[in-house]
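Reviewing the structure listed below.
The values are calculated or read from the model by the stated rules, or taken from the named source; none is laboratory data. This one's a predicted model, so the numbers in the text were calculated from it and none came from an experiment. Here Cβ is always computed from backbone atoms with ideal geometry, including for glycine, and neighbour counts include all displayed protein chains.
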Amino acid sequence: MNGIISTEDPDEASLLKKVKQFPAMTGLDLASRGKLTVKSLQEYFPPD
């Protein structure tokens, strides 16, 4: 099951069409694809 969130397209039919273009996520092991660490976050979001 895929989902979609948009702040730009309020049309439900249009969003449904867009989300159906993406492959199913069933069976994907998303948790083991990488390790989230403070260091990796700071590379993308440097502390102020």
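Scanning the range 3-40 for residues that are in a loop (DSSP other than H, G, I, E, B), charged (D, E, K, R) and at pLDDT 85 or above returns 8, 9, 11, 20.
Residue pairs whose Cβ atoms lie under 8 Å apart, sitting 6 or more positions apart in sequence or on different chains, and linking a residue in the range 34-48 that is without any contact (Cβ under 8 Å) to a residue 24 or more places away in the chain to a partner that is surrounded by 10 or more Cβ atoms within 10 Å (Cβ to Cβ), are 34/40.
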